[in-house]
Amino acid sequence: MLNLISSLLGASLFFGRYKPLQPIPLIEWEQAVIFELPPTSRSKAIDRTIETYRQTLAEGGIDLQQQGLWIQSEWETIADSNGTVPIAAASLTKIATTLASLSKWGANHQFETKVYATGTINNGTLEGDLIIEGSGDPFFVWEEAIALGNAIVNLGIERVAGDLIVTNKFYMNYEANSRTAGELLKQGLNEKLWSSEVNQQYYTLPANTPRPQLAIAGNVRLERQIPAFARLLLRHQSLPLKEILRQMNIYSNNHIAQMLADLAGGASEVARSAAYTANLTQSEIQLVNGSGLSPANRISPRAVCQMLRAIDRLLEPHAMNVTELFPVAGRDTVGTVAKRNLPQGTSLKTGTLAKVSALAGVIPTGDGGQIQFAVINHGDRIEYFRESQDRLLQNLARYWQLEKLPKVTYSDYLGDPSRNL
């Protein structure tokens with residue numbers, strides 16, 4: 001039988017009657033009519049709400065071509081007004097920095113600060129230098145210095161006869177100049193040098209936390225390499241990255257954002273990484289810094305929403321979501337959302353420059369899934385824009401069943417002595 005088929009096929013080819021099979025044209029499923037969601041009363045009401053928002057801006061003399069809006073659910077684009085156009089996005093940039101940081105290090109990453117010593121310890125005195133090797137911890141502040149000081153004292157060192165040496169990746173109190181950061185550390189290690197600010201931060205620590213008295217006789221010096229003969233005393237672990245990012249986003253801390261961006265490879269690498277992880281073209285994310293402190297940072301509203309979805313994907317293996325990295329309306333009473341009138345349970349990121357007011361986040365619903373949104377307004381009327389954004393979100397939230405406020409318990413805290421190993 002096989003020989004017969006081969007013979008017939010060969011004959012067909014020989015006489016020119018055989019025609020190769022032609023590929024069947026494929027229909028792009030996402031464009032097929034069967035996949036289009038039919039309009040509903042809810043979608044029509046949402047359309048009217050969006051149009052009312054736009055008309056109100058226009059009646060207020062706002063140029064609609066300078067305003068961006070994108071709203072999406074897990075299944076569809078709900079609203080698009082200049083949504084794919086990259087425009088100045090202010091601190092929405094920190095969403096890109098958050099995504100790039102998670103992609104590079106992971107939610108539970110801890111930056112390590114190592115403490116070395118040269119010389120011997122005699123009767124509580126280190127007869128040599130104390131060396132601090134940083135790795136870029138962007139959230140090493142007074143409380144961390146106090147905990148580190150107590151850990152060093154517990155090793156039997158109460159005085160350093162030599163110098164305090166720091167490397168060029170040791171930062172403190174958001175000070176990126178390592179020599180200046182070293183001077184701050186020297187102050188934080190010794191209660192006798194504390195200012196009122198240090199005392200104030202000390203009282204945020206658990207009761208009965210010791211006050212370190214580590215006197216350093218020498219100067220603060222900056223060195224690039226650790227001497228081969230130095231011995232390691234201890235390792236200080238930073239707060240987990242997820243907590244650093246939460247603090248950065250709640251207070252929109254520009255220093256932390258820029259330090260993380262620099263550690264990740266710079267603004268261009270943050271933009272590249274964020275676009276790749278969110279499956280976007282890089283043209284929709286254009287950055288010159290990691291904080292948003294420049295109108296040259298341009299991001300499309302769609303890109304903002306896609307980055308928020310990408311953050312959720314990276315957090316899913318840790319049983320986490322964006323509510324644990326961003327402020328939540330109704331839960332967080334400090335920071336940038338403290339005075340905003342927004343739907344409870346909504347995860348948010350604000351952005352403000354001289355002529356930019358932006359708001360983005362996620363509305364968690366029980367009947368519509370996660371709703372991502374980004375509103376970017378350009379113009380001089382910042383307070384007017386904020387009121388318009390709040391009103392838009394409140395009106396939109398009426399069309400879904402909002403989930404209850406997420407309950408999150410945070411076990412990590414600044415100055416935790418258990419992170420000194």
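Each reported figure results from applying straightforward, stated rules to the coordinates on display, with no laboratory input. What you see is a predicted model; the values in this text were computed from it and never measured. Positions of Cβ are generated from backbone atoms using ideal geometry, with glycine treated the same way; all protein chains shown enter the neighbour counts.
Residue-wise, which Karplus ³J(HN,Hα) couplings in Hz belong to the stretch 386-397, taking 6.51 cos²θ - 1.76 cosθ + 1.60, θ = phi - 60°, and x for glycine or proline?
Per-residue couplings from phi come out as 4, 5, 5, 5, 4, 5, 4, 5, 5, 5, 5, 4 Hz.
Quick query: amide H of Gly136 versus all other amide H atoms, modeled in the peptide plane; which residues come in under 5 Å with a sequence gap of 5 or more or a different chain?
Tyr171
What residues qualify as long-range amide H neighbours of Gln213, i.e. H under 5 Å apart, gap of 5 or more or another chain, H built at 1.01 Å from N?
Those lying under 5 Å, H to H, from Gln213 are Glu191.
How long are the three semi-axes of the equivalent ellipsoid for the stretch 378-421, computed from the Cα gyration tensor as the root of 5 times each eigenvalue, in whole Å, largest first? Write out the running numbers ahead of the final one.
Values: eigenvalues 293, 87, 7 Å².
One finds semi-axes of 38, 21, 6 Å for the stretch 378-421.
Report which label in (i) 25, 52, 22, 1; (ii) 28, 55, 17, 0; (iii) 24, 43, 22, 9, 3, 0 holds the value of P(r) over Cα pairs in 20 Å bins from 0, in percent derived from the coordinates of this structure.
(iii)
How far is helix 93-105 tilted off the main Cα axis of the chain, in degrees rounded to 10, range 0 to 90?
The angle comes out near 80 degrees.
Across the stretch 174-191, in residue order, what do the Karplus-derived ³J(HN,Hα) couplings come to in whole Hz, using 6.51 cos²θ - 1.76 cosθ + 1.60 with θ = phi - 60° and x for Gly and Pro?
Per-residue couplings from phi come out as 6, 8, 7, 6, 5, 5, 5, 4, x, 5, 5, 5, 4, 5, x, 6, 10, 3 Hz.
What whole number of Å gives the distance from the Cα centroid of the stretch 329-373 to the Cα centroid of the stretch 148-208?
About 36 Å separates the Cα centre of the stretch 148-208 from the one of the stretch 329-373.
Please name which of Tyr399, Ile382, Pro364 has its Cα lying farthest along the dipole of the stretch 284-421 towards the positive end, using unit charges on Cβ (Lys, Arg +1; Asp, Glu -1) and the Cα centre as origin.
Final value for the positive-end residue is Ile382.
Amide H to amide H under 5 Å from Ile165: which residues, 5+ apart in sequence or cross-chain, H placed 1.01 Å off N in plane?
HN-HN under 5 Å from Ile165: Leu130, Ile131, Ile132, Arg221.
How do Arg246, Arg340 rank when sorted from fewest to most other Cβ atoms within 10 Å of their own Cβ? Can you show the working numbers first?
Working: Arg246 22, Arg340 17.
Least crowded to most crowded, the residues run Arg340, Arg246.
Karplus couplings for the stretch 242-256 from phi (6.51 cos²θ - 1.76 cosθ + 1.60, θ = phi - 60°), rounded to Hz, Gly and Pro as x?
Result, rounded to whole Hz: 4, 6, 4, 5, 4, 5, 4, 7, 4, 9, 6, 6, 5, 5, 4.
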